[in-house]
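Presented below is the structure to which this report refers.
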Amino acid sequence: MSQIKKLYKKIKENPKNVRFEEIDKILKYFGFEAREPGSGSSHITYSHADLEDILTIPKGRPHIKAVYVKKALKLIELLDVKFEDEEE
């Protein structure tokens, strides 16, 4: 099992106590683009070419609140993508 797949499984099983770096890594793996604001905001905005919704996550905290993590997981599920080591 790949490292990213293990991380995804861990986050999905327990969306609490997820570090920003972990959710950022998962989102970028699935093709989300991060846009950091230039006006001093502490939030990062993620978008995906195949989705209309955007996701905004605060960056300056040690752990991301579960509500942000659950929304990120829901957006990933909408993509209906598979991990590279999975067969179709």
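The values are calculated or read from the model by the stated rules, or taken from the named source; none is laboratory data. This one's a predicted model, so the numbers in the text were calculated from it and none came from an experiment. Positions of Cβ are generated from backbone atoms using ideal geometry, with glycine treated the same way; all protein chains shown enter the neighbour counts.
Filter region 18-33 for residues that are surrounded by fewer than 17 Cβ atoms within 10 Å (Cβ to Cβ) and free of Cβ contacts under 8 Å to residues at least 40 places away in the same chain and give the result.
If the condition is that a residue be surrounded by fewer than 17 Cβ atoms within 10 Å (Cβ to Cβ) and free of Cβ contacts under 8 Å to residues at least 40 places away in the same chain, then GLU21, LYS25, LYS28, GLU33 are the ones that fit.
Give me a count of the residues in region 38-64 that are modelled with pLDDT of 90 or more, closer than 11 Å to ILE23 by Cβ and in a loop (DSSP other than H, G, I, E, B).
Total satisfying the criteria: 0.
Considering region 45-62 alone, what residues qualify as being among the aliphatic types (A, V, I, L, M) and loosely packed, with under 11 Cβ neighbours inside 10 Å?
Correct list: ALA49 only.
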